[in-house]
Amino acid sequence: MKTKRKYTKWSFKIILILMGLLFLKVFEVFVLQRLIHWIWNIPQDGLEEFIDILITILIFVPFLFIVMHQRITLERAEEKYKELAYYDSITGLSNRRFFDRELNHSLVKQRVDRNTGAVLFLDIDGFKQVNDTFGHDVGDLLLKEIGRRLMNCVGKEGTVSRFAGDEFIILFPNTAKPLVLEYVRRIIKEISMPFTIIENIIYTSTSVGIAFFPEHGDKAMNLIKNADIAMYKAKLQGKNTYEIFS
């Protein structure tokens, strides 16, 4: 239905353009030539060339406007596509595709600068119980609030992304180990604070796995996998804690 409506819209525009061109030609022949000849006394021999130039300008300006309008429309569509391709619709955070791109970029830079960094894999403890008790709408709002708290903890030092479900992933490029661990402790403390979602007080926590690069891998897939393994170790330690991959 949308395609048909779009086709009809463009057909209408083409018809209007053709009608406009026809009107200009008729106007040129019957009115414009006589008017210009009467006002400026341009000889009849040079009048036709002058009219052609004027008509060309009058035709070019609307087409220029149409092209610029289409360019702006395409740029807006491209921005919308990037938003859909790289960002999570529930939390507003970047998604896994964006995270993979940033991590690969950091790894390339790390090979040149010889800096260290870290990948954090987070799982929200007891999130399934939240969905079962309060419903998925509350669960989605909780994920959004968790994302906001993670962003406040990390600031501009790292990239926070929603990995999948109730899992989040964080990149700290060019960050020393002691500072990474300081951020991790801050995150665990912040997520363990109660959330108020639609007048419901919800308590939860997070288990965090950490993989440092290049120590625990120099490829994106390996680092994410190793951070995930460390996160499951943190779960086994009783949750609400962190583990470093070993």
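Give the residue that is nearest to Val160 (Cα to Cα), with candidates limited to residues of the range 99-121 that are touching a Phe, Trp or Tyr at 6+ places or on another chain (Cβ under 9 Å) and open to solvent by 50 Å² or more (accessible area, probe 1.4 Å). Applying the filter and picking the extreme gives Arg101. Check whether at least one residue in the range 190-210 is in contact with a strand residue (DSSP E or B) (Cβ under 8 Å, 6 or more places away or on another chain), in a helix (DSSP H, G or I) and at pLDDT 95 or above, and report yes or no. Yes; the residues of the range 190-210 include at least one that is in contact with a strand residue (DSSP E or B) (Cβ under 8 Å, 6 or more places away or on another chain), in a helix (DSSP H, G or I) and at pLDDT 95 or above. The single residue among Val138, Val184 that is closer than 23 Å to Gln237 by Cβ and aliphatic (A, V, I, L, M) turns out to be Val184. Among the residues of the range 175-222, those that are without any contact (Cβ under 8 Å) to a residue 60 or more places away in the chain, surrounded by fewer than 17 Cβ atoms within 10 Å (Cβ to Cβ) and of a type in the set (S, T, N, Q) comprise Ser192, Thr196, Asn222. If you go through the range 219-246 and keep only what is under 20 Å from Ser161 (Cα atoms) and charged (D, E, K, R), you end up with Lys219, Lys225, Asp228, Glu243. Scan the range 167-174 and tell me whether some residue there is outside any strand (DSSP E or B), over 25 Å from the mean Cα position of the chain (by Cα), touching a residue at least 60 places away in the same chain (Cβ under 8 Å) and more than 17 Å from Tyr242 (Cα to Cα). There is no residue in the range 167-174 that is outside any strand (DSSP E or B), over 25 Å from the mean Cα position of the chain (by Cα), touching a residue at least 60 places away in the same chain (Cβ under 8 Å) and more than 17 Å from Tyr242 (Cα to Cα).
The values are calculated or read from the model by the stated rules, or taken from the named source; none is laboratory data. These numbers were taken from a predicted model, which means no experiment stands behind them. Positions of Cβ are backbone-derived with ideal geometry, glycine not excepted, and every protein chain shown enters the neighbour counts. Heads up: the accessible areas ignore ligands, DNA and RNA and are worked out on the full protein's heavy atoms, side chains in. Shrake-Rupley method; radii C 1.70, N 1.55, O 1.52, S 1.80 Å.
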